[in-house]
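A.B. asks: There's a structure below that I have some questions on.
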Amino acid sequence: MSQVFKFRGCDNCYVAELLTDNTEGVTYGTPKKLFPLGEVGKSTSSDSAASYADNKALLIVNSEGNDEIALTGFGISLDMLAEITGKTFDESKGVFIDTVREVKYFALLYREKLTNGKYRYHSRLKGTFNIPDEGAATEDDGTDSTGQELTFTGIFTEHAFTNGGSAKGLVIDTQYEGADVEGFFDAVVTPDTVKAKA
């Protein structure tokens, strides 16, 4: 399907803790809303180099590393910030405690809107969040305000899925009308659990 479009929106940013990732399979906790999403961008660490023999380039060697998903949105609640950064939150007092970090892995789910009214649903299967920079400026008579920026560093799963092997994520584009996106944010969709439309 070839259609001209641009990206014109993003929403529904959810995270789910990765509980297990091994040869037997992957399991996740229940997805939770991260924050109202203002902007999202993705870049992938990759490299290509030519290998030479007989005085000419005969082979291209490619490598692919981690993904960096940049998320910008409204302020993150302290309990969610503690959860995604592996810090401590005392719910009884409403206190974020900047403890030694416990490294946790998460899945990241979000949706991008296209100018033709269709959507791309993203399920990033394994990664960690950075500890975000924060800043605020004094109030004045303007309307400027700041939110928070997060970086999700995505890597390949240890588990090899039946459909595609080890994976960093999947994208469902509703222009193709093949995959069922009903309840997409209720559980993490993997290459093996994505369902065809009935």
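A.B. asks: So, for the chain, what is the accessible surface per residue at a probe of 1.4 Å, expressed in square angstrom?
C.D. replies: Ligands and nucleic acids excluded, the result is 61 Å² per residue.
A.B. asks: Could you calculate the contour length gain from S45 to F74, that is, 0.36 nm times the residue separation minus the distance between their Cα atoms, to one decimal place in nm?
C.D. replies: Length difference between fully extended and current span is 7.7 nm.
A.B. asks: Ok, one more. Once the other residues with Cβ under 13 Å from the Cβ of K126 are scored (Lys, Arg +1; Asp, Glu -1), what is the net sum? Please report the intermediate quantities before stating the final value.
C.D. replies: Working: positive: K104, R124, K168; negative: E17, D21, D67, E158.
Once all neighbours under 13 Å are counted, the net charge is -1.
A.B. asks: Give a residue-ordered list of calculated ³J(HN,Hα) values for segment 104-118 (Karplus: 6.51 cos²θ - 1.76 cosθ + 1.60, θ = phi - 60°; whole Hz; x for Gly, Pro).
C.D. replies: 10, 10, 9, 9, 10, 10, 7, 9, 10, 9, 9, 5, 8, x, 8
A.B. asks: Can you pull the accessible area of F74 for me, 1.4 Å probe, Å² to the nearest 10?
C.D. replies: Spelled out: F74, probe radius 1.4 Å, area about 140 Å².
A.B. asks: With the cut-off at 1.5 for a/c, could you classify segment 100-198 from its C-alpha gyration tensor as rounded, prolate or oblate?
C.D. replies: In terms of gyration-tensor shape, oblate.
A.B. asks: Just to be sure I understand, if you calculate Cα extents along the principal axes in Å for this structure, which of (1) 66, 43, 41; (2) 53, 42, 37; (3) 44, 36, 25 do you get?
C.D. replies: Among (1) 66, 43, 41; (2) 53, 42, 37; (3) 44, 36, 25, the one calculated here is (1).
A.B. asks: Based on DSSP H runs of at least 4 residues, each adding -39500 (n - 2.57), what is the mean residue ellipticity at 222 nm of the chain after dividing by all its residues, to the nearest 500 deg cm²/dmol?
C.D. replies: Roughly -1000 deg cm²/dmol at 222 nm, from the helical runs in the chain.
A.B. asks: So which trypsin sites (Lys or Arg not before Pro) in segment 1-98 end up in coil per DSSP with only 15 or fewer other C-beta atoms within 10 Å?
C.D. replies: K6, K93
A.B. asks: Then there's this: How would Y110, Y119 rank on accessible area, largest to smallest, probe 1.4 Å?
C.D. replies: Y119, Y110
A.B. asks: Restricting to DSSP loop positions (anything but H, G, I, E, B) with no more than 10 other Cβ atoms inside 10 Å of their own Cβ, which GluC sites (Glu not before Pro) remain in segment 117-198?
C.D. replies: Sites meeting the loop and neighbour criteria: E139, E177, E182.
A.B. asks: Assuming a ≥ b ≥ c are the square roots of the Cα gyration tensor eigenvalues, decide whether segment 1-59 counts as rounded (a/c under 1.5), prolate (otherwise, with a/b larger than b/c) or oblate.
C.D. replies: Oblate, because a/c is 1.5 or more while a/b does not exceed b/c.
A.B. asks: Let me ask something else about it. Could you point to the residue in Q175, F35, V189 farthest towards the positive end of the chain's charge dipole, with +1 and -1 charges on the Cβ of Lys/Arg and Asp/Glu respectively?
C.D. replies: Checked the options; the winner is Q175.
A.B. asks: A follow-up question, please. Rounded to a whole number, what % of the accessible area of the chain do carbon and sulfur atoms account for, probe 1.4 Å?
C.D. replies: Ligands and nucleic acids excluded, carbon and sulfur give 48 percent.
A.B. asks: Let me ask something else about it. Quick check: with the 1.4 Å probe, what order do F96, F35 take by accessible area, largest first?
C.D. replies: Result, largest first: F96, F35.
The values are calculated or read from the model by the stated rules, or taken from the named source; none is laboratory data. Bear in mind that the values here come from a model prediction, so they are computed numbers and not experimental data. All Cβ positions, glycine included, derive from the backbone under ideal geometry; neighbour counts span all protein chains shown. For accessibility, only protein heavy atoms count, side chains too; no ligands or nucleic acids. Shrake-Rupley method; radii C 1.70, N 1.55, O 1.52, S 1.80 Å.
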